[in-house]
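J.: Below you'll find the structure I mean.
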Amino acid sequence: MKKISFFEQLVREKDQELEDSKYYNEMNDCANKKMLNFAGERYEKQLNEQKQRVANLITIIQRQQVGESEYVNSLIREKCLFQKELLLVKRCLAEEALTDKQHL
């Protein structure tokens, strides 16, 4: 009888250990899920922030390109004006030289 009681006690202890282990595993699973959710949310937030930074940089680059092309266009306009002025000055000089030759 003592042996039966002893083994019954061992079985109850193992049942309790199994129950404790099951509870521990459930708690651990729950904690892991919460950590994964938190990490996923944090990663998603960081990703969205980085996407916003990239979008802002793209906007800045586009503005710079537009500004740069406007600057280049203004340089081209200035160059054309200078070329016209140069042609006028050359014509005037050529006309003056022709007039001077005619007076000689």
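J.: Accessible area of the chain with a 1.4 Å probe: how many percent of it is carbon plus sulfur?
T.: Within the chain, the accessible surface is 60 percent carbon and sulfur.
J.: Let me ask something else about it. Enter the accessible area of LYS14 (Å², nearest 10), with the probe set to 1.4 Å and all protein chains included.
T.: Using a 1.4 Å probe on the heavy atoms, I get roughly 110 Å².
J.: As a test of reading the structure, rank LEU10, LEU98 by solvent-accessible area (1.4 Å probe, protein chains only), most first.
T.: Order by accessible area, largest first: LEU98, LEU10.
J.: Same structure, new question: With every protein chain left in place and a probe of 1.4 Å, what is the accessible surface of ILE76, to the nearest 10 Å²?
T.: Surface accessible to solvent at ILE76 totals approximately 90 Å².
J.: Same structure again: Around MET27, with a cut-off of 14 angstrom between Cβ atoms, what is the net charge of the other residues, counting Lys and Arg +1 and Asp and Glu -1?
T.: With Lys, Arg at +1 and Asp, Glu at -1, the neighbours total -1.
J.: Something else: Given a 1.4 Å probe, how much area per residue of the range 20-95 is accessible, in Å²?
T.: Dividing the accessible area of the range 20-95 by its residue count gives 95 Å².
J.: Next up: ARG91: net charge of surrounding residues, Cβ under 14 Å, Lys/Arg +1, Asp/Glu -1, itself excluded?
T.: -1
J.: To the nearest 10 square angstrom, how much accessible area does LEU57 have with a 1.4 angstrom probe?
T.: 100 Å²
J.: Moving to a separate point now. Using helices alone, what [θ] at 222 nm do you get for the chain, with -39,500 (n - 2.57) per DSSP H run of 4 or more residues, divided over all residues and rounded to the nearest 500?
T.: -38000 deg cm²/dmol
The values are calculated or read from the model by the stated rules, or taken from the named source; none is laboratory data. Keep in mind the model is a prediction, meaning the values are calculated, not measured. Heads up, the Cβs are rebuilt from the backbone with ideal geometry, glycines too, and the neighbour counts pull from every protein chain shown. The accessibility values were calculated without ligands, DNA or RNA, using every heavy atom of the protein model including side chains. Shrake-Rupley method; radii C 1.70, N 1.55, O 1.52, S 1.80 Å.
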